[in-house]
Amino acid sequence: MDACCLVRRHLHPPLQLPPLQRLTLGRRCRHRSVTIAVAFCSTAPDHHRERPWESYDRDIQPHAGSDLARSLQLLADMQAAGMRPSAAAYARLIRALARAGRALEAEALLLEMRHLGLRPDAAHYNALLEGLLARAHLRLADRLLLQMADDGVARNRRTYMLLLDAYARAGRLEDSWWVLGEMKRWGIRLDTAGYSTLVRLYRDSGMWKKATDLIMEMQEVGVELDVKIYNGLIDTFGKYGQLADARKMFEKMRGQGIKPDIETWNALIRWHCRVGNMKRALRFLAAMQEEGMYPDPKIFITIINRLGEQGKWDELKELFDKMRNRGFKESGAIYAVLVDIYGQYGHFRDAQECVAALKAENLQLSPSIFCVLANAYAQQGLCEQTVSVLQLMEAEGIEPNLVMLNLLINAFSTAGRHLEAQAVFQHIKDSGMSPDVVTYTTLMKAFMRVKRYEKVSEVYSEMERAGCTPDRKAREMLHDASVTMEQMGCY
């Protein structure tokens, strides 16, 4: 049975685009008001008519990605002057609006095109599809595909690649197989990016052995393995404990003249730390620094944890000295603070002292640095210090973002303080922010820790209602909570 028929059975009707008629659309948001005028103004001021069509259309396109408000104003001025943009300009605007999370306005532009007699093509549908998938609105994306089929617009390589990437990220195996089947049916071959997505799908689905078969398949069809493919394979082997295969892949990568990037080194260090092979992990860390790179804070926290468990703080101090000598003074200062947070000496158990130490190093404080510090405290369940980091961040004139608030939820979750975690979650919603998958999943973890299993199900349902696609971790927690409740006789 055709996939469209299956979708029609289980979904609402497709987006109902009206027939060609006079249509005026308006959208009002909390922080901004945007009106997309469709009807032409017959009594436009003279200064609008003086500007040529090419000037409007040429200015709309480049500013759509960098200054969306200006592009929309140009669109309004253009329409007030009795002109309309080109199909390429519409595609740029639809993509920009969709990427900014303003899917309703992007859809309104698609409707406007139909009203004006401009037939939207695959580029316009793909632009809206990309935005919906980026925001994990998979059901809306499915409905858009139905509308695309009803309008007789054929899906192309871009359509299928967007779907494959989104389905792989969401862990939707059956949908991913369907996309691959459709691509094969229409003679669309996977490119390097497609194979990279497939490697990620196998990694997240526990099918690491299939990742090995991909190498032979790629060689048979003549697709070159790039650094992204190799990174995916190394990460896949490492995740499932096949470190010997991961190292072989690393050597093969270098043998083909492909230079490892920071993701390559991070994966090798992370998975060797995970199994406690610190000797090899530190060897990769040294080689990474020889290449002029250094790990991101999360990887370094893993190293700190493992060496700290083994009581090897002197080795960590020695690493910092080497990093400073190589010119990584800024990173060395950040990592030194992290060591003291995790270390046995407890020099910087107070967040204010941490920030003061970084300032003494003449380090420019940025949101990422505050996130590093907040994450370090959060992982230990030091809630007060995590809150203190946010307060210090605000004192520096930096507005806490969703990432920081997610870290705060995580800190309360780790400490078993679910009520505070729930309060932060409510603060996020009251502030006008949209909780993401990390927010919901972290809150679910907080309730799991205090055995409030019924709340886990409630948060999961709220996540789905908000249009967020639950990730694998959320689904596993829901399953565990449901099984536990069933065993307790709670339904």
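The values are calculated or read from the model by the stated rules, or taken from the named source; none is laboratory data. Owing to the predicted nature of the structure, the values given are computational and were not obtained by experimental measurement. Please note: Cβ atoms are built from the backbone with ideal geometry, for glycine as well, and neighbour counts cover all protein chains shown. Please note that ligands, DNA and RNA were not included when accessible areas were found on the heavy atoms of the full protein model with its side chains. Shrake-Rupley method; radii C 1.70, N 1.55, O 1.52, S 1.80 Å.
Of the helices (runs of 4 or more DSSP H) contained entirely in the stretch 272-325, those carrying at least 3 residues that are open to solvent by less than 60 Å² (accessible area, probe 1.4 Å), within 14 Å of residue 337 (Cα to Cα) and touching a helix residue (DSSP H, G or I) at 6+ places or on another chain (Cβ under 8 Å) fall at 297-309, 313-325. Taken together, the criteria exclude residue 411 from residues that are under 24 Å from residue 355 (Cα atoms), in contact with a Cys (Cβ under 9 Å, 6 or more places away or on another chain), open to solvent by 40 Å² or more (accessible area, probe 1.4 Å) and not polar (S, T, N, Q).
Scanning the stretch 58-73 for residues that are over 15 Å from residue 94 (Cβ atoms) and assigned to a helix (DSSP H, G or I) returns 58, 59, 62, 66, 69, 70, 73. Of all residues in the stretch 242-263, one or more are without any contact (Cβ under 8 Å) to a residue 12 or more places away in the chain, at positive phi, of a type outside the set (S, T, N, Q) and open to solvent by 50 Å² or more (accessible area, probe 1.4 Å).
Within the stretch 212-238, being assigned to a helix (DSSP H, G or I) and over 24 Å from the mean Cα position of the chain (by Cα) holds for 212, 213, 214, 215, 216, 217, 218, 219, 220, 221.
Would you check if there is a residue in the stretch 29-37 being modelled with pLDDT of 80 or more, assigned to a loop (DSSP other than H, G, I, E, B) and open to solvent by 30 Å² or more (accessible area, probe 1.4 Å)? Looking through the stretch 29-37, none of the residues is modelled with pLDDT of 80 or more, assigned to a loop (DSSP other than H, G, I, E, B) and open to solvent by 30 Å² or more (accessible area, probe 1.4 Å).
One residue stands out in the stretch 354-407 among those that are charged (D, E, K, R) and either within 18 Å of residue 421 (Cβ to Cβ) or under 21 Å from the mean Cα position of the chain (by Cα) (or both): the one that is least open to solvent (accessible area, probe 1.4 Å), namely 384. Checking 162, 173, 146 one by one, the residue that is open to solvent by less than 50 Å² (accessible area, probe 1.4 Å) and either out of contact with any Asp or Glu (no Cβ under 8 Å at 6 or more places or on another chain) or basic (Lys, Arg) (or both) is 146 and no other. Check whether at least one residue in the stretch 202-222 is hydrophobic (A, V, I, L, M, F, W, C), surrounded by 13 or more Cβ atoms within 10 Å (Cβ to Cβ) and within 26 Å of residue 155 (Cα to Cα), and report yes or no. Looking through the stretch 202-222, at least one residue is hydrophobic (A, V, I, L, M, F, W, C), surrounded by 13 or more Cβ atoms within 10 Å (Cβ to Cβ) and within 26 Å of residue 155 (Cα to Cα).
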